[in-house]
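First up is the structure itself, then whatever we jot down about it.
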Amino acid sequence: APAVEPPVVPASTATVEPGATAPAPDVAGTPAVVTTTSEVSSTMSEGETALLQTAAVHEQRNELDSAVTVYEQVLAQNPYNVHALSQLASICRHQERFHDAVMYLQRIVQLDSSNGELHGAVGHCYLMLSQRSSKIPAVLQALWHGYQAYSKAILHLKDGHDPNLWYGIGLLYERYGALMMPCNEQMAALKHSAEALSAVLRMDPAFEKRAEIYYRLGLIFKQQGHVQQSLE
């Protein structure tokens, strides 16, 4: 298994207040928002503009397959059309086609490698891939790529206090620890997971998935032998 070092969690020494009883955990994760900078925007031809307008209409009507077809036509004219790539990645993530989403996102990253939100979106896709594979080597590979993407997101984001980002990092370490038999490395992974998930609640006490986070923290504390903290 690859060695995974923890990203630096903001204000990791703060404590977590106990919450209400949580429902079963939702492993879907929270997708990061993909944005692009003006630096990668380029002047589009009239043909590209018309196709993008047509694709947008299909999206508004929830005709996603038709929208994908039109966005691909845009890329046939201009392989570096960032808007088309971004929308295709978004649709693929919505349809849980995470391999395809990574492909489109990586093409944008080639144009804008300093965009932290893009790296965060790539990390989320790899996290989802790790949860959908039943083969350990594939899971480990997805987790490693996810870790690398999240690390780049932290490096490039102007404000690292993004609860969605740290939520994903917490799930990544939890998934990594779940693959192991009880050992020091598993305890380290669970510790990093708890720190990241706790950071989410400090950044945003009203976080949408806070009940799930309390549930996950309870399970982690139980595995760590902190019975009273787990019950809280």
Report the net charge of residues surrounding TRP166, where surrounding means a beta-carbon distance below 10 angstrom and charges are Lys +1, Arg +1, Asp -1, Glu -1. -2
Taking 0.36 nm per residue of separation and subtracting the Cα-Cα distance, what length does fully extending LYS222 through SER134 add? 29.2 nm
Between GLN77 and HIS94, what length comes free when the chain is fully extended (0.36 nm per residue of separation minus the Cα-Cα distance, one decimal in nm)? 3.6 nm
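Readers should treat all values here as calculations from the given coordinates under stated rules, not as data from a laboratory. Remember, predicted model here, so these are calculated numbers, not experimental data. Don't worry about glycine lacking a Cβ; one is built from the backbone with ideal geometry, like all the others, and counts go over all protein chains shown.
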